[in-house]
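The values are calculated or read from the model by the stated rules, or taken from the named source; none is laboratory data. All values reported here derive from a predicted model rather than from experimental measurement. Every residue, glycine as well, gets a Cβ built from its backbone with ideal geometry; the counts of neighbours run over all protein chains shown. Keep in mind that these areas ignore ligands, DNA and RNA; they rest on the heavy atoms of the full protein, side chains included. Shrake-Rupley method; radii C 1.70, N 1.55, O 1.52, S 1.80 Å.
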Amino acid sequence: MTLLDAKGRLFGKVSILDVAAALIILMVLFGIFLYPGTSGSVAQVGSTTKPVEVDVMVRGLTSSDPEGLFQAIQNSETTNIIIRNQPYGQVKVKSVQKLPRSTVAPQPDGTVLALPDPRPELNYTIDMLITLEDNAQITSTGPVFGNSKVKVGTQIELDGDLYNFNTSTVGVRILENS
């Protein structure tokens, strides 16, 4: 009996292509289960954890009860955040500040005054500055919540019991451990 016959079978029983496919499958399984490599994200390597405050600005959020929404956010201790479509979890709502809606009014002497905007449709909109606080990993490129970097301009989605809206990051402060 020969090692390979005329049809490419080993010992006349098994195809050499089947044996090669089985070896490749075994090598892949070995690579996945017995040699998994490093775990975690690159952002977590060589980082420390510190408390971070993030200021987010909400502009022109429409609600049938803007004052009730403001009170709900102000009275909540935590809110869920989503950064770049990646849920992070809960963070502390440190403060909520209502921002005034104003319009410019030119005066006869050439000066300009900022006065409260009288448009009635603005009774259904609100502008807020919300300060969030949580521990973040501090890397050489800045703070990281979960696997997402947080910098000025980062879009953050706030998700609570009665609200879900997008905001823009306007400030990031790394605090010293207290």
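Calculate, for region 74-163, the solvent-accessible area per residue in square angstrom, rolling a 1.4 angstrom probe over the heavy atoms of the protein chains.
On the way: 5550 Å² over 90 residues.
Per-residue value: 62 Å².
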In the chain, lysine pairs closer than 17 Å at Cα, eight or more apart or cross-chain: 4
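Taking all protein chains together and a probe of 1.4 Å, list PHE11, PHE70, PHE33 from the most accessible to the least accessible. Walk me through the numbers before you get to the answer.
Details: PHE11 110, PHE70 20, PHE33 150 Å².
Sorted descending by solvent-accessible area, the residues read PHE33, PHE11, PHE70.
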GNM result for the chain, Cα springs below 10 Å: residue of LEU162, LEU23, LEU129 fluctuating most strongly: LEU23
Tilt relative to the chain, helix 16-33 - C-alpha long axis, 0 to 90 degrees, to 10: 40
Listed peptides 146-153, 130-137 by packing density, highest first (mean Cβ within 10 Å): 130-137, 146-153
GNM top mover of ILE82, ILE32, ILE126 - the chain, alpha-carbon springs below 10 Å: ILE32
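From the protein chains alone at 1.4 Å, what is the descending order of accessible area for THR48, THR139, THR167, THR62, largest first? Write out the running numbers ahead of the final one.
Details: THR48 80, THR139 30, THR167 5, THR62 105 Å².
Of THR48, THR139, THR167, THR62, the descending order of accessible area is THR62, THR48, THR139, THR167.
So, R0 is 22 Å and r is the distance between the beta-carbons of THR125 and LEU162; what FRET efficiency does that work out to, to 0.05?
Working: r = 17 Å, r/R0 = 0.77.
Taking R0 as 22 Å, the efficiency between THR125 and LEU162 is 0.85.
Hey, what does the equivalent ellipsoid look like for region 92-139, semi-axes from the Cα gyration tensor as sqrt of 5 times each eigenvalue, largest first, whole Å? Please report the intermediate quantities before stating the final value.
Values: eigenvalues 251, 48, 10 Å².
Sorted largest first and rounded, they come to 35, 15, 7 Å.
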Pairwise label distance in nanometres, VAL152 with LYS94, each label 7 Å out on the Cα-Cβ vector: 1.6
Zone residues, region 126-165, relative to MET57, backbone N less than 16 Å from point 7 Å out along Cα-to-Cβ: 126-132, 151-156
Long-range HN-HN contacts of THR154 with modeled amide H, under 5 Å: THR169
Region 72-117, Cα convex hull volume normalised per residue, Å³: 125
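With N set to the residue count of region 57-178, report its C-alpha Rg divided by 2.2 N^0.38 Å to two decimal places.
On the way: Rg = 17.2 Å, N = 122, 2.2 N^0.38 = 13.7 Å.
Normalised by 2.2 N^0.38 Å, the Cα Rg of region 57-178 equals 1.26.
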Residue-averaged [θ]222 nm for the chain, counting only DSSP H segments that reach four residues, each worth -39500 (n - 2.57): -5000 deg cm²/dmol
Residue with peak Gaussian network fluctuation, the chain [Cα springs, cutoff 10 Å], from VAL52, VAL19, VAL112: VAL19
